[in-house]
Amino acid sequence: MAQAKKEELEKVAKGVLIKAGALAECETHKGTFVDEGDPEAVSQAYATANDMVKAKEVDATRDEFMEAIKTVLEEAGEECPLCAEEEGGDE
Ligand SMILES: [Zn+2]
């Protein structure tokens, strides 16, 4: 898959995860999203993604879109990286 398409898919996947409540924006760092660690929200996101593929709302196969969701979730992490950095002090 082309890199541009992959990035576009991940953008859409991110929106799905945010809407489902699987990802939440850091209160301090706008635009930074963290994994809420909520399995139900993740299931909901996958279900929504599945429906979107079926309805042809995304230009991708089911596997491609599921992969994009997984990638975004894995990259998000459970803690905001910017907050973690600030807590770490000046070491
Ligand atoms: Zn933060």
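Quick notes on this structure:
- Residue list for segment 8-41, given a label point 7 angstrom along the Cα-to-Cβ vector of GLU87 and an amide N cut-off under 18 Å: 24-30, 32-38
- Across all directions, the shadow cast by the convex hull of the chain built on its C-alpha atoms averages 6.6 square nanometres.
- Database remark: amide H of GLY77 closer than 5 angstrom to the amide H of ASP35 (H placed geometrically; neighbours at sequence offset of 5 or more, or on other chains; Pro and chain starts carry no H).
- Max mean-square fluctuation residue, GNM over the chain, Cα-Cα springs under 10 Å, options THR28, THR71, THR48: THR28
- Assuming charge only on the beta carbon of Lys and Arg (+1) and of Asp and Glu (-1), the dipole of the chain about its Cα centre is about 840 debye to the nearest 20.
Bear in mind that the values in this text are calculations on the coordinates, not laboratory data. Quick caveat, the model's predicted, so the values are computed rather than measured. Note: ideal-geometry Cβ built from the backbone for every residue, glycine included; neighbour counts use all protein chains shown.
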